[in-house]
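Worksheet: one structure, shown below.
The numbers here are math on the coordinates, done by the rules we state, and not lab data. This structure is a prediction, so every number in the text was calculated from the model and none was measured. Here the Cβ is made from the backbone with ideal geometry for all residues, glycine too, and neighbour counts use every protein chain on show.
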Amino acid sequence: MSTQELYQLYLKHSKVVIDSRKVESGSLFFAIKGERFDGNQFAAAALDAGAAYAVVDNPAAVQSSRYILVNDSLQALQELARHHRRQFFIPVIAITGSNGKTTTKELLAAVLGSHYRLHATQGNLNNHIGVPLTLLAMPPGLEVAIIEMGANHQREIDFLCRIAEPSHGLITNIGKAHLEGFGGIEGVKKGKSELYRYLAEDDGMAFVNRDERFLESLAAPVKKKVFYRRSENPSLSERDLEVKLLDTRPFVRVAFIDKEGRTYQANSHLIGAYNFNNIMTAVALGKYFKVPCEKIVRAIEAYIPANMRSQIVERDGNTFVLDAYNANPSSMREAILTFAAMEGQRKIVILGDMLELGEDSVREHERIAELAAQQDFDDAVFVGPEFEAVARTAGFRHFGDVAALKLWFDTQRFQGTHFLIKGSRGIRLEAVLVN
């Protein structure tokens, strides 16, 4: 079946699913293969659960006219998503970067969504499967779309751009994330800047944070650029969109001006100077897309972080900065320094392994342990095999996994203590707070 023919079915059955357990009546099921599963084996279950059709790529799975046979189910999903995207003549903004992608995406969605009919990536659907699903969820009448793109190898961002075909894009930063897959920081620069290269080829527009190392030079090939930066005295600069950092204790406050020179302040629920760039990006793009400044302020102030990203949790008389969704050397360093600057008489850091660092892993874990030791923390607790050697050498408390950590944690009687909990997704440090 051709993409055009499949699209006609999609228009009648626009709820696309790849998990037979999440089928809704009338949905379109795609049998995707994974490392440990074959979606073709679940096609019958999806139809029994109410799916209208099942798109499969194994002839043996076909049992009736409700099975649609294609050469490759994943490729069919991706091509269908690209075809659907091409029906929209609207700004499609791609976001990638080493740190802050999701927070920036959510802030930007809050700002632009306050003024436009907007669709944005949900959760972390930012890979070769998630991006197509995000595109296929775009409803009629849309005015703006925001597509988050993640990658841990070169050529992945370029591939996602060929599916989503963004008209606009931004890179949050270049940092020490997925060093193993990218082959070092130079590989990260090359991989992330694939977004810039796509925009340059397609006459798209890049939003560039001048304050972030590498970005201005990497964006050089892009003809259409909008720059933004931090300024102590925001002006009506024709060159840059400017935002002022007012405070970070404990939450980030910013100021910016409108085209008449009037000053606006926004008090966010985000902690740490590292979140300033995320807020600044949302403000800058909000201004570029002519969102009224009052709406920008309300959107920034209404956004409350969740999903273990700079999330504040109050429990049993203690305060937890839960930042356990992911970690790399760049974000870990910023989190430690931010936590050290926060007010609080008693502070404890619980730090989990940073994964996918390859040959840089030992040294990067040593650097983080050294940084933690330099702060005035009451205790530093490390979790995971990567931290084991350095933690024991330095005399820090160490646990092999989060289960062992929780056994110890549950025996303690903390009161009035501030905790930073940060580690890579694979460590799942949030489990320490599960009752």
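Sort through Phe30, Phe42, Phe37 and tell me the only one that's within 27 Å of the chain's Cα centre (by Cα), of a type outside the set (Asp, Glu) and more than 30 Å from Ala177 (Cα to Cα).
Details: Phe42 fails: within 27 Å of the chain's Cα centre (by Cα); Phe37 fails: more than 30 Å from Ala177 (Cα to Cα).
Answer to the check: Phe30.
Could you check how many residues of region 408-418 are in a strand (DSSP E or B) and out of contact with any Ser or Thr (no Cβ under 7 Å at 6 or more places or on another chain)?
Of the residues in region 408-418, the ones in a strand (DSSP E or B) are 417-418.
In the following step, the residues that additionally are out of contact with any Ser or Thr (no Cβ under 7 Å at 6 or more places or on another chain) were identified as 417.
Number satisfying all stated conditions: 1.
Quick one: Ala109 ticks every box in (1) part of a loop (DSSP other than H, G, I, E, B); (2) aliphatic (A, V, I, L, M); (3) closer than 24 Å to Ala151 by Cα except a single one, so which number is it?
Condition (1) is where Ala109 drops out.
Look through region 335-363, keep the residues that are within 19 Å of Ile421 (Cβ to Cβ) and of a type in the set (Asp, Glu), and return whichever of them is surrounded by the most Cβ atoms within 10 Å (Cβ to Cβ).
Here is the first cut: in region 335-363, the ones within 19 Å of Ile421 (Cβ to Cβ) are 335-355.
Adding the requirement that they be of a type in the set (Asp, Glu) leaves 343, 353.
Numbers: Glu343: 8, Asp353: 22.
Selected residue: Asp353.
Would you call Arg21 part of a helix (DSSP H, G or I), at negative phi, surrounded by fewer than 21 Cβ atoms within 10 Å (Cβ to Cβ) and in contact with an Asp or Glu (Cβ under 8 Å, 6 or more places away or on another chain)? Don't jump to the end; show me each part of the working.
Values: part of a helix (DSSP H, G or I): yes; at negative phi: yes; surrounded by fewer than 21 Cβ atoms within 10 Å (Cβ to Cβ): yes; in contact with an Asp or Glu (Cβ under 8 Å, 6 or more places away or on another chain): no.
Here the answer is no, as Arg21 does not meet what is asked.
With more than 25 Å from the chain's Cα centre (by Cα) and more than 23 Å from Gly184 (Cβ to Cβ) as the only criterion, which of Arg309, Arg363, Arg315 stands out?
Details: Arg309 fails: more than 25 Å from the chain's Cα centre (by Cα); Arg363 fails: more than 23 Å from Gly184 (Cβ to Cβ).
Going through Arg309, Arg363, Arg315 in turn, the sole match is Arg315.
Cβ-Cβ below 6 Å, separation at least six or inter-chain, first residue in region 1-23 and without any contact (Cβ under 8 Å) to a residue 24 or more places away in the chain, second buried (at least 16 other Cβ atoms within 10 Å of the Cβ) and assigned to a loop (DSSP other than H, G, I, E, B): which pairs?
Close Cβ pairs (under 6 Å, with a partner that is buried (at least 16 other Cβ atoms within 10 Å of the Cβ) and assigned to a loop (DSSP other than H, G, I, E, B)) amount to Lys15/Ser27.
If the Cβ limit is 8 Å and pairs must be 6+ apart or interchain, which residue in region 392-404 that is over 20 Å from Ser424 (Cα atoms) pairs with which residue that is β-branched (Val, Ile, Thr) and surrounded by 15 or more Cβ atoms within 10 Å (Cβ to Cβ)?
Partner pairs satisfying both residue conditions: none exist.
Working only within region 142-164, note down all residues that are surrounded by fewer than 18 Cβ atoms within 10 Å (Cβ to Cβ) and either touching a strand residue (DSSP E or B) at 6+ places or on another chain (Cβ under 9 Å) or closer than 25 Å to Val23 by Cα (or both).
Leu142, Glu143
Could you pull out the residue among Thr319, Thr281 that is outside any strand (DSSP E or B) and not hydrophobic (A, V, I, L, M, F, W, C)?
Numbers: Thr319 fails: outside any strand (DSSP E or B).
From the options Thr319, Thr281, the qualifying one is Thr281.
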